[in-house]
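This report refers to the structure that appears directly beneath it.
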Amino acid sequence: MPVRPTTPTCSRCPVARSTLQIAPSVMLSSGLVREVAEETRLTVVDVKAPLSPIAYTTEKRDKNADGVERVVKRHAFQLSYIVSVQGDGSNFRVNKDEHSEGIWADRGVLDGISITPDMKKLVCQVFEWAKENCKENPRGDVK
């Protein structure tokens with residue numbers, strides 16, 4: 001879920017979460033820029049900081065070619081980063097083929113959003129980072 005912290009010290013620190021699948025020969029930052037653009041229509045201009053990784057397993061029920069039901073488990077290791085994006089993030093649009101929902105949210109509404117405990121911890125890390133690292137100039141731009 002993409003989240004934009006809107007704490008008093010940082011009203012414009014867009015952050016996007018994206019699933020990144022890259023070939024070994026591709027630089028991580030290049031893959032990150034590409035995935036964020038594909039999944040959110042945002043343009044990454046700088047990678048600011050890594051966040052804690054999350055390991056998880058998903059299960060999906062489907063049927064094989066013979067019609068026999070099976071459970072497919074996928075194990076994933078999610079790497080997340082705080083990034084700066086071009087503009088104010090108003091062009092954000094979640095790619096519905098990749099994610100069911102994406103919103104801008106501030107800390108005050110976090111408890112009302114249905115996300116996993118691990119994702120909630122990750123989003124809280126973003127807010128803490130923003131509180132410590134984002135300063136605004138009189139025009140409202142993030143320095």
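Would you say Leu20 is modelled with pLDDT of 90 or more and either more than 14 Å from the chain's Cα centre (by Cα) or surrounded by 12 or more Cβ atoms within 10 Å (Cβ to Cβ) (or both)? Against the criterion (modelled with pLDDT of 90 or more and either more than 14 Å from the chain's Cα centre (by Cα) or surrounded by 12 or more Cβ atoms within 10 Å (Cβ to Cβ) (or both)), Leu20 does not qualify.
Residue check: is Asp118 touching a strand residue (DSSP E or B) at 6+ places or on another chain (Cβ under 8 Å), of a type in the set (Asp, Glu) and at pLDDT 90 or above?
Working: touching a strand residue (DSSP E or B) at 6+ places or on another chain (Cβ under 8 Å): yes; of a type in the set (Asp, Glu): yes; at pLDDT 90 or above: yes.
Taking the combined requirement at face value, the residue satisfies it.
Only one entry in Gly89, Gly102, Gly67 is farther than 24 Å from Ala37 by Cα and part of a loop (DSSP other than H, G, I, E, B), namely Gly67. Checking each residue in the stretch 81-108 for being closer than 17 Å to Phe127 by Cα and at pLDDT 90 or above picks out Tyr81, Ile82, Val83, Ser84, Val85.
Residue by residue, here is whether (1) among the polar types (S, T, N, Q); (2) surrounded by 15 or more Cβ atoms within 10 Å (Cβ to Cβ); (3) at positive phi holds:
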| residue | (1), (2), (3) |
| --- | --- |
| Thr43 | yes, no, no |
| Ala55 | no, no, no |
| Glu59 | no, no, no |
| Gly67 | no, no, yes |
| Arg74 | no, no, no |
| Asp97 | no, no, no |
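Against the conditions (1) touching a residue at least 40 places away in the same chain (Cβ under 8 Å); (2) closer than 24 Å to Leu28 by Cβ, Arg107 satisfies every one except (2).
The values are calculated or read from the model by the stated rules, or taken from the named source; none is laboratory data. The shown structure was predicted, so the numbers you read here are calculated from the model rather than taken from an experiment. Positions of Cβ are backbone-derived with ideal geometry, glycine not excepted, and every protein chain shown enters the neighbour counts.
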